[in-house]
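Undergrad: Once you've had a glance at the structure underneath, I'll fire off some questions.
None of the figures in this text is laboratory data; all of them are computed from the coordinates on show. This is a predicted model, so every value here is computed, not measured. In this analysis, Cβ positions are derived from the backbone assuming ideal geometry, glycine residues included, and neighbour counts consider all displayed protein chains.
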Amino acid sequence: MDRIIFNGSLIKREEVKFSIDNRGFRYGDGIFETMRMFDGKLPFLEEHIHRLKAGMSLLQLELSEHFGVSFWRFEIRRIVKYYRQKYPNNEKNFRIRLAVFRNEGGFYTPTTNKANYIIELIPLERNKFVLNEKGLELGIFRDVFVNTDKLANLKTSNSLPYVLAGLFREEQGFDECLILNHKGNIAEGISANVFFINGNKLITPALSEGCTNGTLRKIILKIAEGIGFKIKEKPCDLSVLEAADEVFCTNTIQGIQWVEHYENCQFTNEKTKQILKKINKIIKTSEIVI
């Protein structure tokens, strides 16, 4: 789409000029959030901004504006209103990417903590999450491991393990791949948290295992506990995957994607559907932003 918000200005994409000294380019010195708008609603905005602020604090990124939930809601409202006027038939369903990166200056050690931000939109068709009809074929990526340090739970601009896992997935013909940590345990998917259902237990890798602290992950854990699942956040080796009745992957854009096959294992999706139904109910009844 032709307009973005750059440091508070609604401008054409091509008007944004970056130096080769840009720290996001040189060092991946930044952080981002990807959100989904449903019919003008941002049901999980507070969770996204909480994670963004935690990441900015850890990376010592500073913005001149007060960057609480109300500030980001105002900025998102501005760009959505522009596109609603330009494309009146759009149903206000968007993928929203919010990136914050440090101003240029210095080598590995920056000369400033001042930061820039960009908000960009991509239109989407659906106003709710829809479960995939055909289950995913799952593989395991073993060439590069993810870390389990305090950066692991954030969405930073450093994503090379996921890039390589994505190339591996394409080469091998899988729909999704799980990435392991240095202990050989499951961390997450390429762009998704992963869950395993075994009887009445919902199991997912603990944050200490190196997975992203996903906003939808938090919502699912609350929902599942509320409908009677026993929640287990723990180290998950491949035996947890092999013993599961159901397996699903989650992210903010696709919602829930169920897995049908991993090697000789085959999985169902009945309880996964129950969780998805609850998520869509939250979306339908959430606050209207635009």
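Undergrad: Among 95-106, 185-196, 217-228, how do they line up from the highest to the lowest mean number of other beta-carbon atoms within 10 Å? Display every interim value, and only then the final one.
TA: Numbers: 95-106: 19.0, 185-196: 23.5, 217-228: 16.2.
Packing order, densest peptide first, comes out as 185-196, 95-106, 217-228.
Undergrad: Here's another thing I want to ask about it. Once the Cα atoms of helix 160-172 and of the chain are each reduced to a long axis, what angle between those two axes, in degrees from 0 to 90 to the nearest 10, is obtained?
TA: Helix 160-172 and the main axis of the chain meet at about 50 degrees.
Undergrad: Mean-square fluctuation check for the chain, GNM, Cα pairs under 10 Å: which of Asn89, Asn158, Asn127 is largest?
TA: Looking only at Asn89, Asn158, Asn127, the biggest GNM fluctuation is shown by Asn89.
Undergrad: Residue-wise, which Karplus ³J(HN,Hα) couplings in Hz belong to region 74-81, taking 6.51 cos²θ - 1.76 cosθ + 1.60, θ = phi - 60°, and x for glycine or proline?
TA: 4, 5, 5, 4, 4, 6, 5, 4
Undergrad: Separate question: Is there a pair in Lys201/Lys222; Lys41/Lys86; Lys218/Lys278; Lys53/Lys273; Lys222/Lys284 whose C-alpha atoms are over 21 Å apart, and which pairs would that be?
TA: Lys53/Lys273
Undergrad: Mind putting a number on the dipole of the chain about its Cα centre? Charges go on the C-beta only, +1 for Lys and Arg and -1 for Asp and Glu, and I need it in Debye to the nearest 20. Mind showing how you got there, number by number?
TA: Numbers: 42 positive and 36 negative charges, 255 e Å.
That gives the chain a dipole magnitude of about 1220 debye.
Undergrad: Using only helices, what value at 222 nm comes out for the chain when you add -39,500 (n - 2.57) per DSSP H run of length 4 or more and divide by the total residues, to the nearest 500 deg cm²/dmol?
TA: On the way: 7 runs with 84 residues, N = 290.
Dividing the helical sum by the residues of the chain leaves -9000 deg cm²/dmol.
Undergrad: Of the candidates Lys201, Lys278, Lys17, which one comes out as most mobile in a Gaussian network treatment of the chain with C-alpha springs shorter than 10 Å?
TA: For the chain, modelled as a Gaussian network with Cα springs under 10 Å, the answer is Lys17.
Undergrad: Using the Karplus equation 6.51 cos²θ - 1.76 cosθ + 1.60 (θ = phi - 60°), what ³J(HN,Hα) coupling, rounded to whole Hz, does each residue of region 224-231 give in order, writing x for Gly and Pro?
TA: 3J(HN,Hα) across region 224-231, in whole Hz: 4, 5, x, 9, x, 6, 8, 8.
Undergrad: For an R0 of 41 angstrom, estimate the FRET efficiency from the Cβ-Cβ distance between Arg77 and Gln254 and round to the nearest 0.05. Please report the intermediate quantities before stating the final value.
TA: On the way: r = 25 Å, r/R0 = 0.60.
For Arg77 and Gln254, the calculated efficiency is 0.95.
Undergrad: Output ³J(HN,Hα) for region 19-31: one whole-Hz value per residue in order, computed from phi by the Karplus curve 6.51 cos²θ - 1.76 cosθ + 1.60 with θ = phi - 60°, and x for Gly and Pro.
TA: Working through the residues one at a time gives 7, 5, 8, 3, 6, x, 6, 6, 10, x, 8, x, 8 Hz.
Undergrad: Might you report the magnitude of the Cβ-based charge dipole of region 136-284 about its Cα centre, with Lys and Arg at +1 and Asp and Glu at -1, to the nearest 20 debye? Write out the running numbers ahead of the final one.
TA: Values: 18 positive and 18 negative charges, 202 e Å.
Computed charge dipole of region 136-284: roughly 980 debye.
Undergrad: Treating cross-link reach as a plain straight distance, find the aspartates and glutamates whose alpha-carbon is under 13 Å from the alpha-carbon of Lys17, omitting any fewer than eight places away in the same chain.
TA: Excluding near neighbours in sequence, the set is Glu104.
Undergrad: For Ala187, enumerate residues with amide H under 5 Å from its amide H, sequence gap 5+ or separate chain, H modeled in the peptide plane.
TA: Ile179, Leu180, Asn181
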